[in-house]
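Student: One structure follows; several queries about it will come next.
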Amino acid sequence: MSKGGKVAVTILLIVGFIFISGLLTAAGASKTFTGLLALGLFYGIRAMWKKPKVEESTEIKLDKTQKPNGENNLTK
């Protein structure tokens, strides 16, 4: 997802949360429920912005297909 798309989705999620939390407060929902929704919103946005881990190995991989006593396709 592009950075502009992430910004737009983040803004929409925050505005939607404010709207929904206002409705829930007016309906008499508990603050604990609204807090849990806020926590879920936080972790959802955090997961969206998290960069994927790139595993680059710096070790050299050896060719272990050679036969013992120096017999391989290069010396024939």
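Values in this text are rule-based calculations from the coordinates and carry no lab data. Keep in mind it's a predicted model, so treat the numbers as computed, not measured.
Student: With θ set to phi - 60° and the Karplus curve 6.51 cos²θ - 1.76 cosθ + 1.60, what are the ³J(HN,Hα) couplings of region 44-55 in order, to the nearest whole Hz, using x for Gly and Pro?
Tutor: Result, rounded to whole Hz: x, 5, 4, 5, 5, 8, 5, 7, x, 6, 10, 9.
Student: Take the alpha carbon gyration tensor of region 1-49, find the square roots of its eigenvalues, order them as a ≥ b ≥ c, and report rounded if a/c is under 1.5; if not, report prolate when a/b exceeds b/c, else oblate.
Tutor: It comes out oblate by the Cα gyration axes.
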